[in-house]
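In what follows, a single structure is set out as C-alpha coordinates and then discussed.
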Amino acid sequence: MEPEAPADAPAETTAPRTVIRLEGVRKSFGEDVVLDGLDLEVRKSEILVVLGRSGAGKSVTLKVICGILRPDGGTVTAFKQDVAALDERGLRHLRERFGYVFQGGALLQWLTAEENIALPLVENDLCPPGEVEGKVRAALGMVDLRDAGALYPDQMSGGMRKRVALARAVVTEPNALLYDEPTTGLDPITTASIDRLIVATRDRTGVSSIVISHDLDSAFRIADRVAMLHGGRIVACAPPGEFRRSDQDAVRRFLQADPAGEPNR
Amino acid sequence: MVERVGAVGLGMVQGSGYALGLLGKVLRRAFKPRHPLREFRAVVNQMYDHGVKAIPVVILVAVFTGMIVSLQTGIELRGMGSEGLIGRIVAASMFREMGPFITAIILTATAGSACAAEIGTMRVSEEIDALEMMSIDPVRFLVLPRVAALGIMCVALTLMTDCFGTLGGAAIAKTQLGVSYPEFWEGARGALEGEYLLGFLAKDLYTGLLKAFVFGVLIGVVGCSQGLRASGGALGVGRAVRRAVVASIVLVLILGYYMTWAFYGA
(Lines give C-alpha, C1' and ligand atoms only; values in the text may rest on other atoms or scores of the structure.)
Protein backbone atom coordinates (compact mmCIF):
# COMPACT_ATOMS: atom_id res chain seq x y z
CA MET A 1 0.00 0.00 0.00
CA GLU A 2 1.33 3.43 -0.90
CA PRO A 3 2.09 5.59 2.16
CA GLU A 4 -0.14 8.63 2.76
CA ALA A 5 1.68 11.89 2.13
CA PRO A 6 1.44 14.79 4.60
CA ALA A 7 -1.19 17.33 3.60
CA ASP A 8 1.31 20.17 3.36
CA ALA A 9 3.94 18.32 1.26
CA PRO A 10 4.90 20.03 -2.02
CA ALA A 11 2.76 18.74 -4.92
CA GLU A 12 5.66 17.36 -6.93
CA THR A 13 6.80 15.12 -4.06
CA THR A 14 3.30 14.03 -2.92
CA ALA A 15 2.55 10.37 -3.60
CA PRO A 16 -0.86 9.95 -5.23
CA ARG A 17 -3.44 9.04 -2.60
CA THR A 18 -5.46 5.88 -3.06
CA VAL A 19 -9.17 6.37 -2.48
CA ILE A 20 -10.46 3.00 -3.67
CA ARG A 21 -8.60 -0.31 -3.49
CA LEU A 22 -9.60 -3.81 -4.58
CA GLU A 23 -7.42 -6.69 -3.45
CA GLY A 24 -7.88 -10.28 -4.59
CA VAL A 25 -11.55 -9.70 -5.42
CA ARG A 26 -13.47 -12.75 -6.65
CA LYS A 27 -17.02 -12.84 -7.96
CA SER A 28 -18.93 -15.64 -9.63
CA PHE A 29 -22.47 -16.07 -10.93
CA GLY A 30 -23.22 -19.75 -10.59
CA GLU A 31 -20.40 -21.51 -12.39
CA ASP A 32 -19.39 -18.41 -14.34
CA VAL A 33 -16.28 -16.93 -12.68
CA VAL A 34 -16.27 -13.24 -13.61
CA LEU A 35 -13.65 -11.76 -11.28
CA ASP A 36 -10.81 -14.03 -10.22
CA GLY A 37 -8.39 -12.27 -7.89
CA LEU A 38 -8.74 -8.72 -9.18
CA ASP A 39 -6.37 -6.07 -7.82
CA LEU A 40 -7.00 -2.42 -8.63
CA GLU A 41 -6.44 0.96 -7.03
CA VAL A 42 -8.01 4.29 -7.86
CA ARG A 43 -6.18 7.47 -6.94
CA LYS A 44 -7.58 10.78 -5.86
CA SER A 45 -8.72 13.02 -8.72
CA GLU A 46 -7.55 10.65 -11.43
CA ILE A 47 -9.52 9.35 -14.40
CA LEU A 48 -8.93 5.61 -14.55
CA VAL A 49 -10.31 3.87 -17.62
CA VAL A 50 -10.86 0.11 -17.37
CA LEU A 51 -10.83 -1.59 -20.75
CA GLY A 52 -11.88 -5.13 -21.53
CA ARG A 53 -13.88 -7.30 -23.83
CA SER A 54 -17.65 -7.59 -23.55
CA GLY A 55 -18.49 -9.84 -20.64
CA ALA A 56 -15.05 -9.42 -19.05
CA GLY A 57 -16.57 -8.17 -15.80
CA LYS A 58 -16.12 -4.41 -16.12
CA SER A 59 -19.65 -3.51 -14.95
CA VAL A 60 -19.40 -6.14 -12.20
CA THR A 61 -16.21 -4.40 -11.00
CA LEU A 62 -18.03 -1.07 -10.73
CA LYS A 63 -20.94 -2.64 -8.86
CA VAL A 64 -18.59 -4.40 -6.44
CA ILE A 65 -16.84 -1.08 -5.70
CA CYS A 66 -20.05 0.63 -4.61
CA GLY A 67 -21.60 -2.40 -2.92
CA ILE A 68 -24.42 -3.12 -5.37
CA LEU A 69 -22.82 -6.57 -5.66
CA ARG A 70 -21.03 -8.34 -2.81
CA PRO A 71 -17.74 -10.04 -3.74
CA ASP A 72 -17.30 -13.74 -3.01
CA GLY A 73 -13.76 -13.10 -1.81
CA GLY A 74 -11.07 -10.45 -1.44
CA THR A 75 -11.42 -6.95 -0.01
CA VAL A 76 -12.86 -3.74 -1.36
CA THR A 77 -11.86 -0.57 0.46
CA ALA A 78 -13.44 2.75 -0.48
CA PHE A 79 -12.62 5.95 1.42
CA LYS A 80 -10.98 3.84 4.14
CA GLN A 81 -14.07 1.67 4.65
CA ASP A 82 -14.33 -2.07 4.05
CA VAL A 83 -17.30 -2.16 1.67
CA ALA A 84 -18.10 -5.85 2.21
CA ALA A 85 -18.35 -5.35 5.99
CA LEU A 86 -20.91 -2.53 5.77
CA ASP A 87 -24.55 -3.14 6.63
CA GLU A 88 -27.44 -1.57 4.71
CA ARG A 89 -27.20 1.71 6.57
CA GLY A 90 -23.43 1.85 6.17
CA LEU A 91 -23.74 1.16 2.44
CA ARG A 92 -26.30 3.94 2.12
CA HIS A 93 -23.86 6.39 3.71
CA LEU A 94 -20.97 5.17 1.58
CA ARG A 95 -22.97 5.52 -1.64
CA GLU A 96 -23.55 9.18 -0.87
CA ARG A 97 -19.88 9.62 -1.75
CA PHE A 98 -20.36 8.01 -5.16
CA GLY A 99 -22.07 9.14 -8.31
CA TYR A 100 -22.90 6.47 -10.85
CA VAL A 101 -23.64 7.00 -14.53
CA PHE A 102 -25.33 3.84 -15.79
CA GLN A 103 -24.91 2.57 -19.32
CA GLY A 104 -28.40 3.50 -20.48
CA GLY A 105 -28.71 6.43 -18.11
CA ALA A 106 -31.20 4.61 -15.84
CA LEU A 107 -33.38 7.73 -15.62
CA LEU A 108 -36.80 7.25 -14.00
CA GLN A 109 -39.20 7.28 -16.93
CA TRP A 110 -42.05 9.11 -15.22
CA LEU A 111 -39.90 12.06 -14.11
CA THR A 112 -38.64 14.96 -16.21
CA ALA A 113 -34.93 15.71 -16.56
CA GLU A 114 -35.17 18.31 -13.78
CA GLU A 115 -37.06 15.94 -11.50
CA ASN A 116 -34.56 13.15 -12.15
CA ILE A 117 -31.65 15.44 -11.26
CA ALA A 118 -33.42 16.78 -8.17
CA LEU A 119 -34.38 13.32 -6.93
CA PRO A 120 -31.30 12.51 -4.78
CA LEU A 121 -31.29 16.02 -3.31
CA VAL A 122 -34.97 15.91 -2.39
CA GLU A 123 -35.27 12.31 -1.18
CA ASN A 124 -32.14 12.54 0.99
CA ASP A 125 -32.68 16.13 2.21
CA LEU A 126 -29.21 17.07 0.98
CA CYS A 127 -30.04 20.75 0.76
CA PRO A 128 -32.84 23.13 1.80
CA PRO A 129 -35.86 22.93 -0.55
CA GLY A 130 -35.27 26.49 -1.74
CA GLU A 131 -31.82 25.61 -3.09
CA VAL A 132 -32.82 22.55 -5.10
CA GLU A 133 -33.91 24.44 -8.21
CA GLY A 134 -30.65 26.41 -8.34
CA LYS A 135 -28.53 23.27 -8.03
CA VAL A 136 -30.56 21.49 -10.70
CA ARG A 137 -30.19 24.44 -13.09
CA ALA A 138 -26.45 24.54 -12.46
CA ALA A 139 -26.16 20.81 -13.14
CA LEU A 140 -28.16 21.14 -16.38
CA GLY A 141 -25.96 24.05 -17.39
CA MET A 142 -22.84 22.00 -16.76
CA VAL A 143 -24.02 19.37 -19.27
CA ASP A 144 -25.31 21.96 -21.77
CA LEU A 145 -28.97 21.02 -21.39
CA ARG A 146 -30.34 24.26 -19.96
CA ASP A 147 -33.47 24.11 -22.12
CA ALA A 148 -34.19 20.41 -21.73
CA GLY A 149 -35.28 20.34 -18.10
CA ALA A 150 -38.94 19.67 -18.86
CA LEU A 151 -38.31 16.73 -21.19
CA TYR A 152 -39.08 13.15 -20.24
CA PRO A 153 -36.52 10.42 -20.94
CA ASP A 154 -38.47 9.03 -23.91
CA GLN A 155 -38.32 12.50 -25.48
CA MET A 156 -34.52 12.63 -25.28
CA SER A 157 -31.81 11.25 -27.51
CA GLY A 158 -29.32 8.72 -26.15
CA GLY A 159 -26.70 11.42 -25.69
CA MET A 160 -29.12 13.67 -23.83
CA ARG A 161 -30.08 10.84 -21.48
CA LYS A 162 -26.43 10.20 -20.66
CA ARG A 163 -25.84 13.88 -20.00
CA VAL A 164 -28.87 14.10 -17.71
CA ALA A 165 -27.60 10.97 -15.95
CA LEU A 166 -24.22 12.67 -15.50
CA ALA A 167 -25.92 15.80 -14.14
CA ARG A 168 -27.85 13.64 -11.67
CA ALA A 169 -24.63 11.93 -10.60
CA VAL A 170 -22.68 15.16 -9.96
CA VAL A 171 -25.46 17.24 -8.39
CA THR A 172 -24.78 15.59 -5.02
CA GLU A 173 -21.06 16.59 -5.23
CA PRO A 174 -19.68 13.06 -4.84
CA ASN A 175 -16.06 12.12 -4.12
CA ALA A 176 -15.97 9.51 -6.87
CA LEU A 177 -17.81 9.05 -10.16
CA LEU A 178 -18.38 5.66 -11.75
CA TYR A 179 -19.15 5.64 -15.47
CA ASP A 180 -20.49 2.44 -17.04
CA GLU A 181 -19.73 2.67 -20.77
CA PRO A 182 -20.72 6.33 -21.04
CA THR A 183 -20.17 6.56 -24.81
CA THR A 184 -21.51 3.21 -25.99
CA GLY A 185 -24.01 3.61 -28.81
CA LEU A 186 -23.26 7.30 -29.38
CA ASP A 187 -22.02 8.98 -32.55
CA PRO A 188 -18.40 10.24 -32.63
CA ILE A 189 -19.30 13.89 -32.05
CA THR A 190 -21.53 13.14 -29.06
CA THR A 191 -18.89 10.72 -27.78
CA ALA A 192 -16.28 13.48 -27.89
CA SER A 193 -18.59 15.87 -26.05
CA ILE A 194 -19.25 13.29 -23.31
CA ASP A 195 -15.48 12.75 -23.02
CA ARG A 196 -14.96 16.49 -22.62
CA LEU A 197 -17.64 16.55 -19.93
CA ILE A 198 -15.96 13.75 -18.01
CA VAL A 199 -12.62 15.59 -18.03
CA ALA A 200 -14.22 18.97 -17.28
CA THR A 201 -16.12 17.50 -14.33
CA ARG A 202 -12.90 16.09 -12.89
CA ASP A 203 -11.03 19.36 -13.50
CA ARG A 204 -13.78 21.43 -11.89
CA THR A 205 -14.46 19.27 -8.85
CA GLY A 206 -11.36 17.06 -8.37
CA VAL A 207 -13.57 13.99 -8.31
CA SER A 208 -11.95 10.58 -8.83
CA SER A 209 -13.43 8.88 -11.88
CA ILE A 210 -13.54 5.26 -12.99
CA VAL A 211 -14.70 4.83 -16.56
CA ILE A 212 -15.64 1.41 -17.92
CA SER A 213 -15.27 1.28 -21.67
CA HIS A 214 -14.26 -0.65 -24.71
CA ASP A 215 -13.85 2.51 -26.78
CA LEU A 216 -10.10 2.85 -27.29
CA ASP A 217 -10.14 6.35 -28.77
CA SER A 218 -12.27 7.65 -25.93
CA ALA A 219 -10.10 5.90 -23.35
CA PHE A 220 -6.82 7.37 -24.56
CA ARG A 221 -8.42 10.79 -24.87
CA ILE A 222 -9.46 11.09 -21.24
CA ALA A 223 -7.47 8.64 -19.12
CA ASP A 224 -4.73 9.41 -16.62
CA ARG A 225 -4.23 5.66 -16.41
CA VAL A 226 -5.64 2.78 -18.44
CA ALA A 227 -6.25 -0.68 -16.95
CA MET A 228 -6.96 -3.90 -18.85
CA LEU A 229 -9.39 -6.44 -17.38
CA HIS A 230 -8.82 -9.92 -18.74
CA GLY A 231 -9.48 -13.37 -17.32
CA GLY A 232 -11.07 -11.83 -14.23
CA ARG A 233 -7.92 -9.85 -13.35
CA ILE A 234 -6.20 -6.58 -14.15
CA VAL A 235 -3.32 -7.61 -16.42
CA ALA A 236 -2.00 -4.13 -17.12
CA CYS A 237 -2.40 -0.67 -15.62
CA ALA A 238 -0.38 2.30 -16.82
CA PRO A 239 -0.58 5.83 -18.26
CA PRO A 240 -1.94 5.80 -21.86
CA GLY A 241 1.43 6.03 -23.61
CA GLU A 242 2.96 3.24 -21.57
CA PHE A 243 -0.22 1.16 -21.96
CA ARG A 244 -0.02 1.43 -25.76
CA ARG A 245 3.55 0.14 -25.66
CA SER A 246 2.68 -2.78 -23.38
CA ASP A 247 3.86 -6.18 -24.58
CA GLN A 248 1.25 -7.98 -22.44
CA ASP A 249 -0.48 -10.49 -24.71
CA ALA A 250 -4.11 -9.61 -23.87
CA VAL A 251 -3.38 -5.89 -24.23
CA ARG A 252 -1.74 -6.34 -27.62
CA ARG A 253 -4.65 -8.44 -28.93
CA PHE A 254 -7.21 -5.91 -27.60
CA LEU A 255 -5.38 -2.96 -29.15
CA GLN A 256 -5.04 -4.78 -32.46
CA ALA A 257 -8.62 -6.13 -32.34
CA ASP A 258 -7.17 -9.64 -32.72
CA PRO A 259 -9.63 -12.30 -31.50
CA ALA A 260 -7.15 -15.21 -31.88
CA GLY A 261 -7.29 -17.53 -28.88
CA GLU A 262 -10.22 -15.71 -27.28
CA PRO A 263 -13.61 -17.33 -26.57
CA ASN A 264 -16.57 -15.81 -28.45
CA ARG A 265 -18.74 -13.53 -26.27
CA MET B 1 -37.86 -35.01 -13.88
CA VAL B 2 -37.16 -35.11 -10.14
CA GLU B 3 -34.53 -32.45 -10.61
CA ARG B 4 -37.02 -30.19 -12.40
CA VAL B 5 -39.68 -30.67 -9.75
CA GLY B 6 -37.10 -29.94 -7.08
CA ALA B 7 -35.96 -26.82 -8.89
CA VAL B 8 -39.55 -25.57 -9.20
CA GLY B 9 -40.19 -26.29 -5.54
CA LEU B 10 -37.00 -24.55 -4.49
CA GLY B 11 -37.93 -21.56 -6.65
CA MET B 12 -41.33 -21.36 -4.95
CA VAL B 13 -39.76 -21.50 -1.50
CA GLN B 14 -37.23 -18.81 -2.39
CA GLY B 15 -39.96 -16.62 -3.91
CA SER B 16 -42.17 -17.02 -0.85
CA GLY B 17 -39.29 -16.18 1.46
CA TYR B 18 -38.44 -13.11 -0.55
CA ALA B 19 -42.06 -11.93 -0.57
CA LEU B 20 -42.41 -12.44 3.19
CA GLY B 21 -39.17 -10.55 3.78
CA LEU B 22 -40.46 -7.74 1.56
CA LEU B 23 -43.72 -7.61 3.52
CA GLY B 24 -41.72 -7.24 6.73
CA LYS B 25 -39.71 -4.37 5.25
CA VAL B 26 -42.90 -2.67 4.02
CA LEU B 27 -44.52 -2.90 7.45
CA ARG B 28 -41.42 -1.50 9.21
CA ARG B 29 -41.29 1.44 6.84
CA ALA B 30 -45.05 2.03 7.03
CA PHE B 31 -44.78 2.78 10.75
CA LYS B 32 -41.70 5.00 10.37
CA PRO B 33 -42.36 7.50 7.55
CA ARG B 34 -39.44 9.75 6.65
CA HIS B 35 -41.42 12.33 4.69
CA PRO B 36 -45.07 11.76 5.71
CA LEU B 37 -46.65 14.26 3.33
CA ARG B 38 -44.64 13.14 0.32
CA GLU B 39 -45.24 9.48 1.07
CA PHE B 40 -48.95 10.13 1.55
CA ARG B 41 -49.07 11.82 -1.87
CA ALA B 42 -47.29 8.84 -3.42
CA VAL B 43 -49.94 6.51 -1.94
CA VAL B 44 -52.75 8.69 -3.28
CA ASN B 45 -51.18 8.67 -6.76
CA GLN B 46 -51.00 4.90 -6.68
CA MET B 47 -54.59 4.67 -5.45
CA TYR B 48 -55.65 6.62 -8.53
CA ASP B 49 -53.45 4.67 -10.96
CA HIS B 50 -54.26 1.21 -9.70
CA GLY B 51 -57.64 1.64 -8.03
CA VAL B 52 -59.73 4.49 -9.38
CA LYS B 53 -58.96 3.53 -12.96
CA ALA B 54 -60.32 0.04 -12.26
CA ILE B 55 -63.76 1.33 -11.19
CA PRO B 56 -65.51 0.91 -14.56
CA VAL B 57 -64.45 -2.73 -14.96
CA VAL B 58 -65.23 -3.43 -11.28
CA ILE B 59 -68.78 -2.10 -11.66
CA LEU B 60 -69.33 -4.06 -14.88
CA VAL B 61 -68.05 -7.34 -13.46
CA ALA B 62 -69.90 -6.80 -10.16
CA VAL B 63 -73.26 -6.21 -11.84
CA PHE B 64 -72.97 -9.29 -14.04
CA THR B 65 -71.68 -11.44 -11.17
CA GLY B 66 -74.68 -10.44 -9.08
CA MET B 67 -76.97 -11.19 -12.00
CA ILE B 68 -75.44 -14.65 -12.51
CA VAL B 69 -75.60 -15.55 -8.81
CA SER B 70 -79.17 -14.34 -8.60
CA LEU B 71 -80.31 -16.19 -11.72
CA GLN B 72 -78.61 -19.51 -10.98
CA THR B 73 -79.64 -19.54 -7.34
CA GLY B 74 -83.13 -18.25 -8.11
CA ILE B 75 -83.88 -21.04 -10.55
CA GLU B 76 -83.13 -23.63 -7.87
CA LEU B 77 -85.01 -21.75 -5.16
CA ARG B 78 -88.08 -21.40 -7.38
CA GLY B 79 -88.11 -25.15 -7.77
CA MET B 80 -88.49 -25.38 -4.01
CA GLY B 81 -90.96 -22.50 -3.83
CA SER B 82 -88.44 -20.40 -1.87
CA GLU B 83 -87.52 -17.65 -4.32
CA GLY B 84 -88.20 -15.15 -1.55
CA LEU B 85 -84.82 -16.13 -0.06
CA ILE B 86 -82.95 -14.83 -3.11
CA GLY B 87 -82.16 -11.44 -1.57
CA ARG B 88 -80.60 -13.06 1.49
CA ILE B 89 -78.50 -15.46 -0.56
CA VAL B 90 -77.27 -12.90 -3.08
CA ALA B 91 -76.31 -10.42 -0.33
CA ALA B 92 -74.59 -13.05 1.78
CA SER B 93 -72.69 -14.38 -1.23
CA MET B 94 -71.57 -10.96 -2.39
CA PHE B 95 -70.60 -9.50 0.98
CA ARG B 96 -68.93 -12.60 2.39
CA GLU B 97 -67.11 -14.05 -0.62
CA MET B 98 -67.87 -12.86 -4.11
CA GLY B 99 -67.18 -9.19 -3.43
CA PRO B 100 -63.65 -9.55 -2.07
CA PHE B 101 -62.79 -12.43 -4.39
CA ILE B 102 -63.98 -10.80 -7.62
CA THR B 103 -62.31 -7.52 -6.68
CA ALA B 104 -59.06 -9.30 -5.88
CA ILE B 105 -59.07 -11.10 -9.22
CA ILE B 106 -59.69 -7.84 -11.08
CA LEU B 107 -56.93 -6.05 -9.19
CA THR B 108 -54.56 -8.96 -9.78
CA ALA B 109 -55.14 -8.64 -13.51
CA THR B 110 -54.98 -4.84 -13.65
CA ALA B 111 -52.79 -3.68 -10.77
CA GLY B 112 -50.76 -6.69 -9.67
CA SER B 113 -49.55 -7.32 -13.20
CA ALA B 114 -48.81 -3.61 -13.65
CA CYS B 115 -46.73 -3.52 -10.44
CA ALA B 116 -44.71 -6.52 -11.60
CA ALA B 117 -44.25 -5.03 -15.06
CA GLU B 118 -43.33 -1.51 -13.91
CA ILE B 119 -40.88 -2.62 -11.25
CA GLY B 120 -39.55 -5.49 -13.37
CA THR B 121 -38.79 -3.08 -16.20
CA MET B 122 -37.07 -0.76 -13.75
CA ARG B 123 -35.01 -3.70 -12.47
CA VAL B 124 -33.78 -4.84 -15.90
CA SER B 125 -33.01 -1.27 -17.01
CA GLU B 126 -30.95 -0.64 -13.83
CA GLU B 127 -33.30 2.04 -12.47
CA ILE B 128 -33.57 0.10 -9.18
CA ASP B 129 -29.75 0.02 -9.00
CA ALA B 130 -29.75 3.76 -9.71
CA LEU B 131 -32.13 4.36 -6.78
CA GLU B 132 -29.87 2.32 -4.49
CA MET B 133 -26.84 4.26 -5.71
CA MET B 134 -28.64 7.50 -4.85
CA SER B 135 -29.25 6.08 -1.34
CA ILE B 136 -32.99 6.00 -2.07
CA ASP B 137 -34.65 2.94 -0.53
CA PRO B 138 -36.59 1.17 -3.34
CA VAL B 139 -38.94 -0.45 -0.81
CA ARG B 140 -40.01 2.89 0.66
CA PHE B 141 -40.00 4.70 -2.68
CA LEU B 142 -41.68 2.12 -4.92
CA VAL B 143 -43.15 -0.81 -2.98
CA LEU B 144 -44.75 0.80 0.09
CA PRO B 145 -46.98 3.23 -1.88
CA ARG B 146 -48.22 0.41 -4.11
CA VAL B 147 -48.93 -2.02 -1.27
CA ALA B 148 -50.68 0.62 0.84
CA ALA B 149 -52.72 1.85 -2.12
CA LEU B 150 -53.82 -1.65 -3.11
CA GLY B 151 -54.80 -2.51 0.46
CA ILE B 152 -56.98 0.59 0.70
CA MET B 153 -58.44 0.42 -2.80
CA CYS B 154 -59.25 -3.27 -2.55
CA VAL B 155 -61.47 -2.44 0.44
CA ALA B 156 -63.13 0.49 -1.34
CA LEU B 157 -63.63 -1.42 -4.57
CA THR B 158 -64.98 -4.43 -2.68
CA LEU B 159 -67.67 -2.23 -1.17
CA MET B 160 -68.56 -1.13 -4.69
CA THR B 161 -68.60 -4.75 -5.88
CA ASP B 162 -70.87 -5.73 -3.00
CA CYS B 163 -73.31 -2.93 -3.72
CA PHE B 164 -73.41 -3.19 -7.50
CA GLY B 165 -73.47 -6.99 -7.37
CA THR B 166 -76.46 -6.89 -5.06
CA LEU B 167 -78.14 -4.35 -7.34
CA GLY B 168 -77.57 -6.63 -10.33
CA GLY B 169 -79.02 -9.51 -8.34
CA ALA B 170 -82.07 -7.44 -7.43
CA ALA B 171 -82.70 -6.58 -11.08
CA ILE B 172 -82.67 -10.25 -12.10
CA ALA B 173 -84.80 -11.25 -9.12
CA LYS B 174 -87.42 -8.74 -10.22
CA THR B 175 -87.33 -9.37 -13.96
CA GLN B 176 -86.70 -13.13 -14.08
CA LEU B 177 -87.98 -14.49 -10.80
CA GLY B 178 -90.85 -12.18 -9.95
CA VAL B 179 -89.37 -11.19 -6.58
CA SER B 180 -90.24 -7.57 -5.80
CA TYR B 181 -87.58 -5.06 -4.83
CA PRO B 182 -88.92 -4.56 -1.26
CA GLU B 183 -88.92 -8.34 -0.73
CA PHE B 184 -85.37 -8.61 -2.12
CA TRP B 185 -84.03 -5.80 0.09
CA GLU B 186 -85.75 -7.23 3.12
CA GLY B 187 -83.95 -10.51 2.50
CA ALA B 188 -80.63 -8.75 1.84
CA ARG B 189 -80.96 -6.76 5.07
CA GLY B 190 -81.71 -9.92 6.96
CA ALA B 191 -78.51 -11.52 5.66
CA LEU B 192 -76.47 -8.70 7.18
CA GLU B 193 -78.14 -8.88 10.60
CA GLY B 194 -76.81 -10.89 13.47
CA GLU B 195 -73.34 -10.33 14.89
CA TYR B 196 -72.06 -6.77 14.90
CA LEU B 197 -68.64 -5.25 15.50
CA LEU B 198 -68.59 -1.89 17.29
CA GLY B 199 -72.35 -2.06 17.36
CA PHE B 200 -72.90 -1.37 13.65
CA LEU B 201 -70.55 -3.37 11.45
CA ALA B 202 -72.29 -6.56 10.37
CA LYS B 203 -70.12 -9.65 10.47
CA ASP B 204 -70.62 -10.39 6.77
CA LEU B 205 -69.51 -6.86 5.98
CA TYR B 206 -66.41 -6.62 8.17
CA THR B 207 -65.16 -10.13 7.37
CA GLY B 208 -65.49 -9.36 3.67
CA LEU B 209 -63.69 -6.03 3.99
CA LEU B 210 -60.93 -7.52 6.12
CA LYS B 211 -60.42 -10.18 3.46
CA ALA B 212 -60.32 -7.42 0.85
CA PHE B 213 -57.59 -5.56 2.74
CA VAL B 214 -55.50 -8.72 3.12
CA PHE B 215 -55.98 -9.56 -0.56
CA GLY B 216 -54.96 -6.05 -1.62
CA VAL B 217 -51.76 -6.14 0.43
CA LEU B 218 -50.99 -9.62 -0.88
CA ILE B 219 -51.45 -8.55 -4.51
CA GLY B 220 -49.15 -5.56 -3.99
CA VAL B 221 -46.44 -7.55 -2.22
CA VAL B 222 -46.48 -10.42 -4.71
CA GLY B 223 -46.49 -8.10 -7.74
CA CYS B 224 -43.66 -5.95 -6.40
CA SER B 225 -41.55 -8.89 -5.22
CA GLN B 226 -41.75 -10.59 -8.61
CA GLY B 227 -40.82 -7.32 -10.28
CA LEU B 228 -37.81 -6.82 -8.01
CA ARG B 229 -36.60 -10.35 -8.84
CA ALA B 230 -36.99 -9.95 -12.60
CA SER B 231 -33.95 -10.52 -14.78
CA GLY B 232 -33.20 -11.25 -18.41
CA GLY B 233 -34.68 -8.29 -20.27
CA ALA B 234 -38.21 -8.15 -21.66
CA LEU B 235 -38.68 -11.92 -21.48
CA GLY B 236 -37.75 -11.84 -17.82
CA VAL B 237 -40.27 -9.08 -17.15
CA GLY B 238 -42.94 -11.12 -18.92
CA ARG B 239 -42.12 -14.15 -16.77
CA ALA B 240 -42.28 -12.00 -13.65
CA VAL B 241 -45.73 -10.69 -14.60
CA ARG B 242 -47.01 -14.19 -15.26
CA ARG B 243 -45.65 -15.48 -11.95
CA ALA B 244 -47.15 -12.51 -10.12
CA VAL B 245 -50.63 -13.09 -11.54
CA VAL B 246 -50.61 -16.86 -10.97
CA ALA B 247 -49.19 -16.58 -7.44
CA SER B 248 -51.67 -13.84 -6.49
CA ILE B 249 -54.69 -15.81 -7.71
CA VAL B 250 -53.59 -19.01 -5.96
CA LEU B 251 -52.79 -17.20 -2.71
CA VAL B 252 -56.08 -15.27 -2.77
CA LEU B 253 -57.94 -18.58 -3.06
CA ILE B 254 -55.95 -20.30 -0.32
CA LEU B 255 -55.98 -17.35 2.09
CA GLY B 256 -59.66 -16.72 1.31
CA TYR B 257 -60.52 -20.27 2.28
CA TYR B 258 -58.64 -20.14 5.58
CA MET B 259 -60.08 -16.74 6.50
CA THR B 260 -63.60 -18.04 5.79
CA TRP B 261 -62.86 -21.09 7.91
CA ALA B 262 -61.53 -18.87 10.72
CA PHE B 263 -64.58 -16.58 10.74
CA TYR B 264 -67.33 -19.06 10.00
CA GLY B 265 -66.14 -22.61 10.25
CA ALA B 266 -63.79 -22.86 13.24
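The values are calculated or read from the model by the stated rules, or taken from the named source; none is laboratory data. Just so it is clear, the model here is predicted, and its values are computed rather than measured. Cβ: placed from backbone, ideal geometry, glycine included. Neighbour counts: every protein chain shown. Remember, those area values only see protein heavy atoms, side chains included, never the ligands or the DNA or RNA. Shrake-Rupley method; radii C 1.70, N 1.55, O 1.52, S 1.80 Å.
Put simply, the Cα atoms of chain B extend 67, 52, 35 Å along their principal axes, the longest span coming first. The per residue volume of the convex hull around the alpha-carbon atoms of region A:40-112 is 142 Å³.
Across peptide B:120-132, the average count of Cβ atoms from other chains found within 10 Å of a residue's Cβ is 5. Computed from the C-alpha gyration tensor, the three semi-axes of the ellipsoid equivalent to region A:11-160 are 31, 20, 17 Å, from longest to shortest.
In this assembly, the B-A interface accounts for approximately 1900 Å² of buried accessible surface in total, computed with a 1.4 Å probe and without ligands, DNA or RNA.
Could you please tell me the mean projected area of the C-alpha convex hull for region A:108-173, averaged over all directions and given in square nanometres to one decimal? Mean projected area for region A:108-173: 3.9 nm², to one decimal. With helices as the sole contributors, chain A gives -10000 deg cm²/dmol at 222 nm; each DSSP H run of n ≥ 4 counts as -39500 (n - 2.57), and the sum is divided by every residue. Comparing B:34, B:96, B:88 in a Gaussian network model of chain B, where Cα atoms under 10 Å apart are tied by springs, the biggest mean-square fluctuation is seen for B:34. For chain B, the mean residue ellipticity at 222 nm estimated from helices alone is -26000 deg cm²/dmol, where every DSSP H run of n ≥ 4 contributes -39500 (n - 2.57) and the total is divided by all residues, rounded to the nearest 500. Here region B:1-47 is treated as a sphere whose radius is the Kirkwood value from Cα pairs; by Stokes-Einstein at 20 °C and 1.002 mPa s it diffuses with a coefficient of 163 µm²/s. Cα extents for region B:13-91 along the principal axes, largest to smallest and rounded to whole angstrom: 61, 33, 19. Here's the list of lysines a cross-link from residue B:211 could span, going by alpha-carbon distance under 30 Å and ignoring same-chain residues fewer than 8 apart: B:25, B:32, B:53, B:203. Which percent of the Cα-Cα distances in region B:73-132 go past 14 Å? Value for region B:73-132 (Cα pairs over 14 Å): 70 percent.
Of the chymotrypsin sites (Phe, Trp or Tyr not before Pro) found in region B:15-122, the ones in coil according to DSSP and having at most 15 other Cβ atoms within 10 Å of their Cβ are B:31. Remark: the protein assembly as shown carries a charge dipole of roughly 560 debye about the Cα centre, counting +1 on each Lys and Arg Cβ and -1 on each Asp and Glu Cβ.
When the Gaussian network model of chain A links Cα atoms closer than 10 Å, the mean-square fluctuations of A:36, A:195, A:217 top out at A:217. Using only the alpha-carbon atoms of region B:164-266 as identical scatterers, what base-10 log of I(q)/I(0) does the Debye formula give at q = 0.12, 0.17, 0.18, 0.21 Å⁻¹? Values, matching the q order: -0.64, -0.90, -0.93, -1.04.
Using the empirical formula 2.2 N^0.38 Å as the baseline, the Cα radius of gyration of the protein assembly as shown reaches a ratio of 1.24. Rg/Rh, computed from the Cα trace of chain A with Rh as the Kirkwood radius, has the value 0.96. Take residue B:163 and residue B:234, extend 7 Å from each Cα along the Cα→Cβ direction, and tell me the distance between the two endpoints in nm. In this crude label model, residue B:163 to residue B:234 measures out at 4.2 nm. Remark: region A:108-173 carries 46 Å² of accessible area per residue (probe radius 1.4 Å; ligands, DNA and RNA excluded). Taken residue by residue and averaged, Cβ atoms of other chains lying within 10 Å of the Cβ of A:86-94 number 1. Atom-type composition of the exposed protein surface of region A:108-173 places 48 percent of the accessible area on carbon and sulfur (1.4 angstrom probe).
When you filter the chymotrypsin sites (Phe, Trp or Tyr not before Pro) in region B:166-266 for DSSP loop state and at most 14 other Cβ atoms inside 10 Å of their Cβ, you are left with B:200.
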